[in-house]
Amino acid sequence: MEEKLNLNIKVTLVEYTKASPKIIASASKMSTSRKKVEDLLEINKEEIDTWIKETFKRNHFSPWEHSSYTFMIEGCSRVCSHQLVRHRIASFTQQSMRYTEASLREMALYMASKLKMDCPNKPKKGDRDAYKCYSKALKDSINALEPDELIKVANVAYVFPPLMKKDRALIYANSLIDATANYYQLLSTGLSKEDARFIIPMSVRTKITVTMNARELIQTFFPLRMCTRAQWEIRKVAWLLWVELMKIHPELFKYAGPSCVHLENINRDEPDTLQNFIDGKSLFTINRCPELVKNSGIRPCLLNAYNTLNL
């Protein structure tokens, strides 16, 4: 039996360059035109699409750098966020575990309520007894609560690998709860959060604000992170980002995709949409993708990556 656990990862697009399609198309056109700026900006939807396609034909993505997108990602693990920050042409601000307990207190308070323990919702500064209460609630819950409830509650504060077998999920949950109990026990001795956090597992949930330009998204982030070769959690984040971008700028991001789609599109006379590759309306012509998947296996691999949205 496999335990179906909710990843609870949420992506919110908070700000972006509104006129991105027009700016990208106009900048691309400007690079080969003698027209004045005001004439370059007189560009209709059909011409915008033509010049966006032109960037693929010439593998000329510098115009995409003039477009910027800011996302807030909530509920991913620190394993995922550490992969995110490897994308250097981006800006990041992350929830601090030097000053916050992330969602750990929420888990501790739930355990306390189930055991009818009166732990304070928000401890005052230096209130070591509150941390002792959280630690005891967590320790006692391991033997007091049913396995299904332990797994469910641990999943509030920590990311679980999807479709984990129940016996493994219980071991995983118990380990996370025990580590969190030890964290609060250390806080109860007066140890600072910045030092106690060293024992918190990497699967702890976090929040992170990310700003990337469209070139980084289309040419690097999506090709690497939407691919089946990417770790499942950051792959989920990448596909969720793509869904949000398609709501506002489908003219741009309908051509986005994992490395197989990007390589195919920059080698075609005309780029085609990710959805057409998924639906089989457009066929891959490349002999193999950058991850060495042969032509016959590319679409099945793409469908596997697409199914990440259902995790």
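If you line up the long axis of helix 166-188 against the longest principal axis of the chain, both from Cα atoms, how many degrees apart are they, to the nearest 10?
70
Nearest 20 debye, what's the magnitude of the dipole of the chain about its Cα centre given +1 on Lys and Arg Cβ and -1 on Asp and Glu Cβ?
For the chain, the charge dipole is close to 480 debye.
Check the straight Cα-Cα distances from Lys125 and name the aspartates and glutamates below 14 Å, setting aside those fewer than 8 residues away within the same chain.
Straight-distance partners of Lys125: Glu101.
Cross-link candidates for Lys53: which aspartates and glutamates have Cα within less than 12 Å, leaving aside residues fewer than 8 places away along the same chain?
The qualifying aspartates and glutamates are Glu251, Asp269, Glu270, Asp272.
Candidates (i) 36, 60, 4; (ii) 29, 45, 22, 3; (iii) 29, 58, 13, 0; which is the computed P(r) over Cα pairs in 20 Å bins from 0, in percent?
Here P(r) over Cα pairs in 20 Å bins from 0, in percent agrees with entry (ii).
How far, in degrees from 0 to 90, does helix 20-30 lean away from the longest principal axis of the Cα atoms of the chain, to the nearest 10?
Result, in degrees: 40.
For each cysteine in the chain, check whether another cysteine's C-beta sits under 4.7 Å from its C-beta; list those where none does.
Cys227, Cys301
Nearest 10 degrees, 0 to 90: what angle lies between the long axis of helix 128-144 and the longest principal axis of the chain (Cα atoms)?
Tilt of helix 128-144: around 90 degrees.
Which links in Lys152/Lys236; Lys139/Lys166; Lys10/Lys152; Lys10/Lys116; Lys45/Lys294; Lys22/Lys207 stretch past 28 Å when you go from one Cα to the other?
Listed pairs above 28 Å: Lys10/Lys116; Lys45/Lys294; Lys22/Lys207.
Just to make sure I understand: if all protein chains stay in place, what is the order of Arg235, Arg197 by accessible area at 1.4 Å, largest first?
Working: Arg235 30, Arg197 85 Å².
Final ranking, largest accessible area leading: Arg197, Arg235.
Springs between alpha-carbon atoms under 10 Å, Gaussian network over the chain: tell me which of Leu104, Leu163, Leu245 tops the mean-square fluctuations.
Comparing Leu104, Leu163, Leu245 in the GNM, the peak value goes to Leu163.
So for the chain, taking the charge dipole from beta-carbon charges (+1 Lys/Arg, -1 Asp/Glu), which of Val11, Gly297, Tyr183 sits furthest toward the positive end?
Toward the positive end, the furthest listed residue is Tyr183.
Positive end of the charge dipole of the chain (Lys, Arg +1 and Asp, Glu -1 on Cβ, about the Cα centre): tell me which of Ile248, Val204, Trp51 has its Cα farthest that way.
Val204
Ignoring everything except DSSP H segments at least 4 long, calculate the 222 nm mean residue ellipticity for the chain; use -39,500 (n - 2.57) per segment, divide by total residues, nearest 500. Show your work: numbers first, answer last.
Numbers: 15 runs with 153 residues, N = 311.
-14500 deg cm²/dmol, from helical runs alone.
The values are calculated or read from the model by the stated rules, or taken from the named source; none is laboratory data. In this text the structure is predicted, and so the values were computed from the model without any measurement. Here the Cβ is made from the backbone with ideal geometry for all residues, glycine too, and neighbour counts use every protein chain on show. When the accessible area is computed, the model is the full protein with side chains, heavy atoms only, and any ligands, DNA or RNA have been set aside. Shrake-Rupley method; radii C 1.70, N 1.55, O 1.52, S 1.80 Å.
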